[in-house]
Amino acid sequence: MIKVGIVGYGTIGKRIADAIKLQKDMQLIGVTGHSYNYRMEIANKKKIPIYVLGDNADFKENGISSAGNMKDLLNAVDIIMDCTPKKIGKENKEKFYVPNKVKAIFQGGEKDAVADVSFTAQCNYKEALNKDYIRVVSCNTTGLCRTLSAIDKKFGVENVSATMIRRGADPWDIKHGPINAVVPVLELPSHHGPDVRTVLHDMEIFTTALSVPTTLMHLHTLTCDMKEAVNVDDVIDTWKDTTRVRLVRNAEKVRSTAEIMELAKEIGRPRGDMPEICIWEETIGTYKKKLLYIQAIHQESDVVPENIDAIRAATGFEDAEKSIKMTNESLEIK
Ligand code: NAD
């Protein structure tokens, strides 16, 4: 059993915690409690040990006992999933993980330099084998890597230009926005293109981005110059065969991010999550050697299976396909 600890029990951390509990080869040792809140109450109800950081008066007052401090958690685990807000992962690495010689997986809010390798399981699992520090790339980069790597392998992609239309904030988040504006990223390229190249090192990709007042999902529009002209049906078949990618159809009245989220609830996904990248079949088209498509990314969940595979890669499980299959079966995803 791989013993796993989670530092940062928020949007991503709580989902990874539940996913770890579903793995036959992993044991969730505990999560850190940074401040008392409803998430801590739920973790406590789920009988997840909570390692309280700093002052634990609020926890005590509310009947939650601490399993120990950070040092105790580090001593009890083989690997840490750092799911703290951006930049804190880097600080934690220097302060805790390196001095205590504990492996760690970081999230996409950290710069790629935080880790030995940036990671998307179906693209570069082998590169991450036995590495001490792995960064699972952001939700947007994960989505780009999954769909682009499949068509690059099959047909060859010359270059890509893509625009990320980003959700303003996560659904629970009352502090970020915009709530009444479309906000372009005023730099070119946006950071997503260079980030894709930390995983798909040879992918020629240029990205722009903007934020909009919605919380549900991100949406990407992509134009790929292919090495040769491609046939739409062949492209559809390729993505049908690609793990963690799902084709959705206007024909089924799945016409928007709202309907994708509703679909996720209807198929019984925990929290209404959709970890697969959703491509609208009717948006896949060609013009000369160009291939165009539109995809939607559920930012809160697409990186969860990646984190599970990253744990296996870091701890020396060699078979990428088997790891992906184990993860997919446990989470009941494609
Ligand atoms: P979040 O704000 O939902 O959760 C962060 C958690 O870390 C909170 O529980 C907070 O209390 C805790 N925390 C804060 N400071 C801490 C500290 N010093 N030590 C320990 N815990 C601390 O954040 P999130 O959205 O889960 O993001 C975490 C990481 O995942 C970031 O790198 C982010 O960029 C990345 N990410 C987020 C999303 C998303 O859509 N939310 C998607 C993909 C990747």
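Here are the numbers:
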quantity	calculated
Within the chain: Cβ-based charge dipole about Cα centre, in debye rounded to nearest 20 (Lys, Arg +1; Asp, Glu -1)	560 debye
Which of K103, K21 is most accessible, then next, and so on - probe 1.4 Å	K21, K103
Tilt relative to the chain, helix 257-266 - C-alpha long axis, 0 to 90 degrees, to 10	60 degrees
Nearest-ten-degree value, helix 320-331 long axis tilted from longest Cα axis of the chain	70 degrees
Violating pairs (Cα-Cα greater than 23 angstrom) within the set K86/K322; K175/K334; K21/K86; K24/K103	K86/K322; K175/K334; K21/K86
For S35, solvent-accessible area (1.4 Å; no DNA, RNA or ligand), Å²	60 Å²
Mean Cα-pair separation over length for the chain, i.e. relative contact order, pairs under 8 Å, 6 or more apart, %	18 percent
Rounded to the nearest 10 Å², the accessible area of M40 at probe 1.4 Å	10 Å²
Largest to smallest accessible area among H176, H34 [probe 1.4 Å]	H34, H176
Gyration tensor (alpha-carbon) shape descriptor, the stretch 205-275, a/c threshold 1.5	oblate
Calculated FRET efficiency for the pair K126/R271, C-beta based, R₀ 35 Å, to 0.05	0.65
Fraction in percent of alpha-carbon pairs per bin - 20 Å, the chain	31, 58, 10, 0
Pairwise centroid distance, computed over Cα atoms, of the stretch 11-38 with the stretch 110-185, Å	22 Å
Solvent exposure, largest accessible area first (probe 1.4 Å, DNA, RNA and ligands not counted), of D202, D302, D170, D132	D202, D132, D170, D302
The stretch 236-334: C-alpha pair distances exceeding 18 Å, %	52 percent
The stretch 148-200: C-alpha gyration tensor shape, a/c 1.5 cut-off, then a/b vs b/c	prolate
Heavy atoms of Y9: accessible area, 1.4 Å probe, square angstrom to 10	20 Å²
Antiparallel bridge percentage (DSSP; both residues within the chain; nearest 5)	40 percent
Which of G63, L74, L291, positive extreme of dipole for the chain (C-beta unit charges)	G63
For the stretch 225-240 and the stretch 255-334, distance of Cα centres in Å	19 Å
In nm, spacing of pseudo-spin labels at D225 and A258 (7 Å Cα→C-beta vector)	3.9 nm
Rounded tilt (10° steps) of 11-21 against the dominant C-alpha axis of the chain	80 degrees
Accessible surface, per residue, of the chain when the full set of protein chains is kept, probe 1.4 Å, Å²	46 Å²
Point-charge dipole on Cβ atoms (K/R +1, D/E -1) for the stretch 188-334, about Cα centre, debye to 20	300 debye
Prolate/oblate/rounded call for the stretch 163-303, Cα gyration tensor, a/c under 1.5 rounded	oblate
DSSP beta bridges in the stretch 117-269 [antiparallel fraction, %, rounded to 5]	50 percent
Full-extension gain in nm, N250 to D170, via 0.36 nm per residue minus C-alpha separation	26.3 nm
Within the stretch 190-333, percent of DSSP bridges classed antiparallel, to nearest 5	75 percent
For the stretch 292-334, alpha-carbon Rg over 2.2 N^0.38 Å	1.33
Sorted largest first, extent of the stretch 14-148 alpha carbons per principal axis (Å)	50, 30, 27
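The values are calculated or read from the model by the stated rules, or taken from the named source; none is laboratory data. Since this is a predicted model, take the numbers as computed values, not measurements. Glycine gets a Cβ as well: all are built from the backbone with ideal geometry, and neighbour counts include every protein chain shown. Only protein heavy atoms, including side chains, enter the accessible area calculation; ligands, DNA and RNA are left aside. Shrake-Rupley method; radii C 1.70, N 1.55, O 1.52, S 1.80 Å.
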